[in-house]
Each structure stands twice: as C-alpha cells, then as structure tokens.
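Heads up, the thing below is written out as structure tokens.
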Ligand SMILES: Cc1cc2nc3c(=O)[nH]c(=O)nc-3n(C[C@H](O)[C@H](O)[C@H](O)COP(=O)(O)OP(=O)(O)OC[C@H]3O[C@@H](n4cnc5c(N)ncnc54)[C@H](O)[C@@H]3O)c2cc1C
C-alpha cells in the first residue's frame with residue numbers, strides 16, 4: 001500500500017479532530033482507519049443532547065456533534081477507510097490492517113495517532129455471585145440496543161454503577177417505558193457528572209444508593225430479582241442490609257478502560273493508574289512519532305475536552321512530520337499528590353513545549369472547599385479554590401512555557417489538593 005505521512009487509528013471524535021488539526025497544520029497526506037461502518041465513534045449511539053456546550057456553544061446530540069467533525073474531514077478531503085480493523089503497529093510505524101475489500105495490508109506511516117477510545121468493564125471482572133441468566137447487559141450495550149437497534153432490553157431495571165453511561169441509560173430506559181428501580185454505587189460518591197445525576201435520576205425520582213453493591217442475581221433463564229446490600233469502608237457487603245428488587249434486567253455501568261492492546265504490542269508504556277499511554281507535553285508516547293488522544297489516553301468526562309486534546313495531538317504530529325524527532329533531553333516530571341490521582345501529560349520538555357500546556361487530571365475522592373495547588377519544585381506558583389471536586393469530573397491546570405523557562409533546572413512540578 002502507499003505510504004501516508006499520518007495514519008490515525010480510530011474515527012471517533014478524537015481521530016476526527018486530530019485529522020482536521022493535522023491537515024490545517026499543513027499535513028495533507030492523512031489516512032483514518034475505522035473498524036466500524038461509519039465515522040463518529042461511540043457518539044453515534046449517544047442520542048441525548050448536552051454535547052458541544054464548550055466547543056460549539058450549542059447543545060447537540062452525540063451524532064450531531066460527531067457530524068460537525070465528520071463534515072470537516074469530508075470538506076478537507078481527508079482519506080478514511082471504514083470496516084477496517086487495525087491489527088498491529090510496529091515500532092517503525094508500519095500499520096497492519098484488514099478489511100473485506102483489501103484483505104490484510106500494511107501501511108508505512110511517518111507518524112501515527114492512537115485514537116481507539118475505550119471499552120466498558122465487563123461483568124466477568126466484577127465477580128458478582130449468582131447464575132448468568134439473560135437480562136444482564138453493560139449500559140453501553142443497552143444504549144446501542146435502544147438507540148440504534150430499536151430493541152428494549154427489559155421492563156424492570158436495576159443499574160449497578162453510577163458512571164455517566166449508567167445515569168444516561170436510567171433516564172433513557174424510563175423515557176422508553178421501563179421502570180428503573182434503583183441505581184446502586186459501590187463508592188460513597190457517584191462516578192458520573194453532577195449534571196447527569198440531577199437530569200437523569202433526580203428529575204425522574206430514581207433513587208441512587210451510594211456505598212451499595214449487588215450481592216445476588218436470581219433467575220436461571222432470565223434475571224428474576226437482584227439483591228443489593230450496603231458496603232462498609234472495606235467495600236464488603238454488610239449482612240442484614242440487603243434489599244431485594246424483582247426485576248428482569250441488570251445494567252452494569254462500572255467504568256471504562258482505554259482500549260490499549262495495540263499500544264501495548266508496539267511497546268508503548270502504559271500508566272498503571274489510567275491504563276492509557278504515558279505521554280509528554282506533545283501527547284507523544286515513549287515511541288517517537290506515536291501520539292495518543294481521547295479516551296484511549298485517559299477516560300474523559302466531556303467529549304469537548306476529547307476534541308481539544310485530539311486537536312493538540314494532530315498539530316503535534318504535524319510538527320513531528322515537518323521537523324523530525326525532538327532532540328530535547330531535559331524532562332520535567334509532573335507529580336500528582338494529595339488527592340490527585342494522575343496527570344496527563346506525565347512529563348514536559350521545557351524547550352520543546354508549546355506556549356501553554358493543559359494538564360488534565362482527576363481527584364481520587366470528593367473534596368469540598370479545597371484548592372488545586374501547583375508547585376515548581378518546592379515553590380508554590382498557583383492556587384485555585386474549588387467549592388467541590390469529585391472523581392467523576394476532570395480538572396485541569398494550564399502551565400505557561402514562559403513561567404517554566406523562568407525557572408531553569410527545575411526537576412518536578414507537583415499538583416496537589418490542599419484544604420482551604
Ligand atoms: C458505551 C459508551 C457510551 C458513552 N456514552 C456517552 C454519553 O452518553 N455521553 C458522553 O459525553 N460520553 C459518552 N461516552 C464517552 C465517549 O466515548 C467520549 O466522550 C468520546 O466518544 C471519546 O472519543 P474517542 O474518539 O476517544 O473514542 P470513541 O468514540 O470510542 O472512538 C474510538 C473509535 O476507534 C475505533 N477503533 C478502536 N479500535 C480500533 C482498531 N483496532 N481499528 C480500527 N478502529 C478502531 C472504534 O470503532 C471507534 O469508532 C460513552 C462511551 C462509551 C464507551
């Protein structure tokens with residue numbers, strides 16, 4: 001196959017925004033490879049509104065938001081192949097893919113952007129006792145069935161996990177005529193956005209039971225009942241707190257995992273916290289010319305931030321193709337501490353970084369009336385007060401290159417949550 005300057009794996013919002021930005025930065029020879037039969041990624045099944053408030057200052061549905069970017073790809077004449085599964089990438093950036101038209105084929109690329117998104121944590125990983133009857137779905141599968149295939153998974157529903165997809169599906173199933181009995185969440189806080197708890201549960205009187213988990217599933221052929229129980233600080237069920245719900249469906253919304261099998265095969269180093277690649281300020285992995293963005297890098301709360309991050313990856317990949325590998329050897333490590341779980345990026349190249357770099361992260365628990373504090377080595381340089389911070393919402397700090405260059409020899413930047 002012909003060589004491309006830039007190959008992008010995944011045609012979801014991240015892949016599309018990366019392609020548009022790389023094209024606008026001067027790289028015209030781009031190929032997007034997408035395993036599904038259309039561009040747009042998982043947004044095609046998210047038919048509720050609320051997308052694009054930051055990017056377009058409008059409330060769009062998922063498919064509308066995706067279409068805005070698909071249109072930009074088409075206007076620029078950027079090439080893409082659908083129904084095409086990428087099987088492997090070599091460290092030399094040889095992409096091996098397969099589809100029913102071309103068979104198996106190899107594409108050499110000067111740079112590669114990983115934009116494969118994420119997948120849902122499966123029931124098997126959750127160790128729920130009981131039989132395995134019909135009627136147990138991941139929330140994403142139920143979303144696809146209802147929104148794309150016109151099928152209702154059931155009529156009386158219990159949802160385990162309060163991630164955003166579970167919250168959205170609680171409302172969706174209710175609007176389609178099902179009775180959602182309860183949303184049970186293992187943690188003492190919800191994993192989703194506050195706005196989704198209000199709009200999807202409170203507005204429909206659906207109870208959210210925090211610090212609860214499923215302890216039993218009844219039914220041999222089909223789910224007949226689900227029992228939940230309160231959990232203690234050790235997250236183990238407390239005997240005597242069980243509540244039994246007669247239902248025919250259990251939806252699982254227990255977290256998303258970046259889809260990084262391909263990344264691992266090339267030797268991309270992954271973060272044990274995010275399960276996404278460890279990247280520098282340019283969103284470049286440890287393999288020169290291989291970049292990552294979107295949910296494959298870390299699971300985002302809003303797609304607007306996916307598009308913003310992916311555009312940066314596209315511009316940085318363009319610069320790599322135009323200017324070659326970075327020769328910067330100085331690195332400043334970003335250290336998450338005191339309630340900050342991780343940072344993306346993980347390190348900065350002071351001489352190479354753009355004028356500003358957005359550092360994104362999540363906190364590990366709920367913090368009230370606290371501050372996000374940034375230190376250059378031991379010196380406090382920034383403090384931003386926040387009334388509330390929760391694990392379900394992403395936070396960010398913007399670092400300026402000029403501030404970093406004003407402190408030569410700096411070894412680390414620490415971001416932490418402090419009281420007050
Ligand atoms: C089930 C589910 C439901 C969601 N619902 C919502 C919601 O309601 N609201 C919300 O704000 N966010 C939702 N999200 C989050 C949403 O995924 C992100 O905001 C956004 O779509 C991430 O964009 P992305 O491009 O990184 O990933 P995706 O949209 O997942 O796109 C990744 C693309 O890569 C393709 N791909 C993966 N591997 C390969 C391969 N080997 N070869 C070729 N192509 C490949 C996939 O087919 C996919 O099209 C949901 C996520 C999931 C998993």
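FYI, it's all coordinate maths here, none of it is from the lab. Only a predicted model underlies this, so the values are computations on that prediction, with no experimental measurement involved. Virtual Cβ from ideal backbone geometry, glycine too; neighbours counted across all protein chains shown.
Treating the angle as unsigned and between 0 and 90°, give the value, to the nearest 10°, between the Cα long axis of helix 164-175 and the longest Cα principal axis of the chain. So the inclination is approximately 50 degrees.
Counting only DSSP H runs of at least 4 residues, each contributing -39500 (n - 2.57), and dividing by the residue count of the chain, the helix-based mean residue ellipticity at 222 nm comes to -5500 deg cm²/dmol.
By the count of other C-beta atoms within 10 Å, a proxy for reagent exposure, 308, 333 are ordered fewest to most as 333, 308. Going from the fewest other Cβ atoms within 10 Å to the most, the residues 24, 203, 304 appear in the order 203, 24, 304.
Between region 331-410 and region 1-52, how many Å separate their Cα centres? Measuring centre to centre over Cα atoms gives 29 Å. By other beta-carbon atoms within 10 Å, ranking 291, 367, 204 with the fewest at the front produces 204, 367, 291.
Nearest 0.05, what FRET efficiency do residue 179 and residue 273 give at R0 = 35 Å with Cβ-Cβ as r? Efficiency, from the Cβ-Cβ distance: 0.40.
Relative to the longest principal axis of the Cα atoms of the chain, the long axis of helix 303-323 makes an angle of roughly 20 degrees.
With axes computed from alpha carbons, what is the tilt in degrees of helix 62-75 against the longest principal axis of the chain, rounded to the nearest 10 within 0 to 90? The two axes meet at around 20 degrees.
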